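Below is one structure; the comments refer to it alone.
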Amino acid sequence: MLIALMTDLHANREALSTCLAHAEEQKVTHYAFLGDIVGYGADPGWVLQTVMDYVAKGNWALMGNHDVAILQENRSGMNPVAKQVVEWTRAQLSPEQIAFVAALPYRIELQDMLLVHANAWAPDKWEYIDGVMEAMRSMHACKAAITFCGHVHMPTLYHMTLTGKTGEFLPTPENSIPLSKQRRWLVIPGSLGQPRDGNPAACYATFDTETQELTYFRVPYDHESAAKKILAAGLPAALANRLLTGE
């Protein structure tokens, strides 16, 4: 099976539709959406419904911190910008879509793989994997040979030897990486809907469970249209600027 790992979609219709079309060209057979389906972008209803349709066909989706935020009535701890986006997003969703979000799991185990949004040690606490130490902590917290994570908006790959030595690797797009079974791996595909590494192209990855090959992709999309829609919706201009700059 060839799985597309897509995370941090952030209500970006243009990015998601482009990446789904790209994934079809790669002959992807299954899709895993690793959380933060909504938030920041101008098309939460369309993006969430698209994910719901894929899940109805036997694919997978996880809860992210922006997803769980729309379920929480008390948002007193949020900064004004975040609160504005959450309240606006919730108003765009149907009761059925809200119910779907409420039922999303925090972790999914598939064969020798683990899917989480933030990390394996506390999937519902939203702590980031910012470096080797956090990656090591996450890999030690589970038995999976390969962990796929979102939350961090920059594509990264971590590996740990049988003796526990852990390293970090910045992947080159479209070069397949064989994931040796002599190591454990933590894969961060990067954000599909709001990249933050200075490149506005959308991020996602594929993993072939037969060949054990991982491939990262950067997919250009119409980020200018996505940014304009954020402004037209009355959402903070900083969110539009992030799409334009990829930062």
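The values are calculated or read from the model by the stated rules, or taken from the named source; none is laboratory data. If you're wondering where the values come from, they're calculated on a predicted model, not measured in any experiment. Every residue, glycine as well, gets a Cβ built from its backbone with ideal geometry; the counts of neighbours run over all protein chains shown.
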Read through the list (1) over 21 Å from T18 (Cβ atoms); (2) in contact with an Asp or Glu (Cβ under 8 Å, 6 or more places away or on another chain), then give the number of the only condition that H223 fails. (1)
Selection count where residues are closer than 21 Å to A237 by Cα and either at pLDDT below 95 or acidic (D, E) (or both), scope region 200-221: 0
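Looking at the structure I just gave you, is E224 modelled with pLDDT of 95 or more, among the charged types (D, E, K, R) and over 27 Å from T147 (Cβ atoms)? Explain how you work it out, then say what you get.
Details: modelled with pLDDT of 95 or more: yes; among the charged types (D, E, K, R): yes; over 27 Å from T147 (Cβ atoms): yes.
Spelling it out, E224 is indeed modelled with pLDDT of 95 or more, among the charged types (D, E, K, R) and over 27 Å from T147 (Cβ atoms).
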Of (1) surrounded by 16 or more Cβ atoms within 10 Å (Cβ to Cβ); (2) in contact with a strand residue (DSSP E or B) (Cβ under 7 Å, 6 or more places away or on another chain); (3) in a loop (DSSP other than H, G, I, E, B), R196 fails just (2)
What is the one condition in (1) assigned to a helix (DSSP H, G or I); (2) of a type outside the set (A, V, I, L, M); (3) buried (at least 20 other Cβ atoms within 10 Å of the Cβ) that H22 does not satisfy? (3)
Quick check, is H66 without any contact (Cβ under 8 Å) to a residue 60 or more places away in the chain and farther than 18 Å from Q97 by Cβ? no
Within 22 Å of A82 (Cα to Cα), over 16 Å from the mean Cα position of the chain (by Cα) and of a type outside the set (G, A, S), is that true of T245? yes
Can you work out which of the residues in region 103-143 that are modelled with pLDDT under 95 and under 20 Å from M1 (Cα atoms) is surrounded by the fewest Cβ atoms within 10 Å (Cβ to Cβ)? Q111
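Which is touching a Lys or Arg at 6+ places or on another chain (Cβ under 6 Å) and surrounded by fewer than 16 Cβ atoms within 10 Å (Cβ to Cβ), of P220, P178, P173? Walk me through how you get there before you give the answer.
Details: P220 fails: touching a Lys or Arg at 6+ places or on another chain (Cβ under 6 Å); P178 fails: touching a Lys or Arg at 6+ places or on another chain (Cβ under 6 Å).
It is P173.
Which residues, counting only those in region 132-152, are in a loop (DSSP other than H, G, I, E, B) and in contact with a strand residue (DSSP E or B) (Cβ under 7 Å, 6 or more places away or on another chain)? Walk me through how you get there before you give the answer.
To start, the set of residues in region 132-152 that are in a loop (DSSP other than H, G, I, E, B) comprises 141-145, 149-152.
Of everything in region 132-152, those that are in a loop (DSSP other than H, G, I, E, B) and in contact with a strand residue (DSSP E or B) (Cβ under 7 Å, 6 or more places away or on another chain) turn out to be C142, A144, A145, C149, G150, V152.
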On the given criteria, is T156 at pLDDT 95 or above, of a type in the set (S, T, N, Q), touching a helix residue (DSSP H, G or I) at 6+ places or on another chain (Cβ under 9 Å) and crowded, with 16+ Cβ neighbours inside 10 Å? yes
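With respect to Q72, determine if the residue is in contact with a helix residue (DSSP H, G or I) (Cβ under 9 Å, 6 or more places away or on another chain) and at pLDDT 95 or above.
Values: in contact with a helix residue (DSSP H, G or I) (Cβ under 9 Å, 6 or more places away or on another chain): yes; at pLDDT 95 or above: no.
Here the answer is no, as Q72 does not meet what is asked.
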Under the condition of being of a type in the set (F, W, Y) and outside any helix (DSSP H, G or I), which residue from region 27-77 is surrounded by the most Cβ atoms within 10 Å (Cβ to Cβ)? F33
Odd one out for L214, checked against (1) outside any loop (DSSP other than H, G, I, E, B); (2) within 17 Å of D43 (Cα to Cα); (3) touching a residue at least 12 places away in the same chain (Cβ under 8 Å): (2)
Only one of (1) assigned to a loop (DSSP other than H, G, I, E, B); (2) out of contact with any Gly (no Cβ under 9 Å at 6 or more places or on another chain); (3) small (G, A, S); (4) under 16 Å from I37 (Cβ atoms) does not apply to A122, and that is (4)
